[in-house]
1. May I have the extent of the alpha carbons of segment 2-81 along their three principal axes, as whole Å values ordered from largest to smallest?
2. What are the residues whose amide H is under 5 Å from the amide H of residue 28, where those residues sit 5 or more places off or on another chain and H is modelled from the backbone?
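None of the figures in this text is laboratory data; all of them are computed from the coordinates on show. Model, not experiment: these values are computed from the prediction.
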Amino acid sequence: MAKKGKFFLGALIGAAAGAVAGILTAPKAGKETRKEIKDTTAEAGKVAKEESKVVADEAKKLASTTKKSAKKVAGTITKKAK
């Protein structure tokens, strides 16, 4: 999970940096450049929202698995303590 999250974060940051660099170095009028920045930012926001949902879902699964494991270990310890 951690590797997936880091990969997606890195990909998102890389894509955003590349888009900004491309927009700022393109020979366009200011109005066009601002519109392109606005559109690119909106798209990056959508992607970030989607990826955050994926990460949240993975975190919920991990929390559930951890909770089940902790209960199992607690039960084993309780039995051995008796």
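1. Largest to smallest, the principal-axis extents are 75, 16, 11 Å.
2. Residues meeting the criterion, in which the H sits 1.01 Å from N, do not exist here.
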